[in-house]
Amino acid sequence: MIAVLLAIAGAYGVYLLHTAVTFGWAGVAPGPARPRRRRRARDRLTDWLAQAGLREVRVSELGMAMALLALVGGGLAFALFGGAFPALVTGVFCATVPVASWRRQRDQRLDRAREAWPRMIEEIRLQTGSLGRAVPQALLEVGKRGPRELRAAFLAAEREWLISTDFARTCAVLKSQLADATADATCETLLVAHEVGGTDLDARLASLAEDRIQDLNGRKDARAQQAGVRFARRFVLVVPIGMALAGLSIGTGRTAYETPGGQVAVGAGILSVIGCWLWAGRLLLLPEEDRVFR
């Protein structure tokens, strides 16, 4: 039995060597490796940076900001609790502040885009229908008058159009810059109308605008219902910090913090606060549309 298993393992090893040399396959799978997960993660990161307006941000700049905040937060925690473990935990948490800030910036940009797209689609519909404008001209003119966060993407798309007069490449630039599901659907609808033609563009744009309005209203209703919970979530941070400061002024509170048991208790408390904060934030997330037309 062992001999049979060794023979199978040896034959499979020869197969792997042959496919690696002949076809350039990597890994131990019978077929070529499929980098789907890696590609999806890279696409997600690229979309995230584009949606937050951070395409030009360098990794070194992010690292410096995170290191600085970690030092400041860790130093304050050390001065408050007099121990290394609470300072380390607090410093790591403070290092994530830039990411959280950029995520908030991304959410705000997406919200402005969601509010603007129904009006922009209706204006494109008006220009391509009643005014008889060409599809590329209507898209670019409307985009340049759109929200400030979207104008840079439309200017880049306009440069591509002036250079190449290729509407497919223009739409590709616009979709890459915006990284937005609504922009993808709008560009694909206009691209098909521009290349294939047809008389149903007005109806398709009207349906798309109506769908975006319904999605926007649904998100506004959900956020209105979450307003109280979002306000209460802030107490997850405020109340423990207030209790920690009060503990310093009661008896030998600072001395108790500096003991090994106090350090462990403080570190566990900080970790539990961070965990509750992140968990509550995850529960409050609204679903995001996946990009179909990349």
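Structure notes:
- Gained length - residue 71 relative to residue 105, 0.36 nm times residue gap less alpha-carbon distance: 9.9 nm
- Kirkwood Rh and Cα Rg combined as Rg/Rh, the stretch 115-176: 0.95
- Fewest-first ordering of 121, 241, 250 by other beta carbons within 10 Å of each residue's beta carbon gives 250, 241, 121.
- Relative to the 2.2 N^0.38 Å rule of thumb, the stretch 49-161 has a C-alpha radius of gyration ratio of 1.64.
- Förster-model FRET efficiency, 22 Å R0, residue 265 and residue 235, C-beta, rounded to 0.05: 0.60
- Footprinting exposure proxy ranking of 279, 102, fewest other C-beta atoms within 10 angstrom first, gives 279, 102.
- Compared with the direct C-alpha span, the chain from residue 97 to residue 207 gains 35.6 nm at full extension, assuming 0.36 nm per residue.
- Binned Cα-Cα distances of the stretch 51-283, short to long, each 10 Å bin given as a whole percent: 7, 24, 22, 17, 14, 10, 5, 1, 0
Values quoted throughout were computed directly from the atomic coordinates according to the rules given, and no laboratory measurement underlies them. Small disclaimer: the values here were computed from a predicted structure and weren't measured. Positions of Cβ are backbone-derived with ideal geometry, glycine not excepted, and every protein chain shown enters the neighbour counts.
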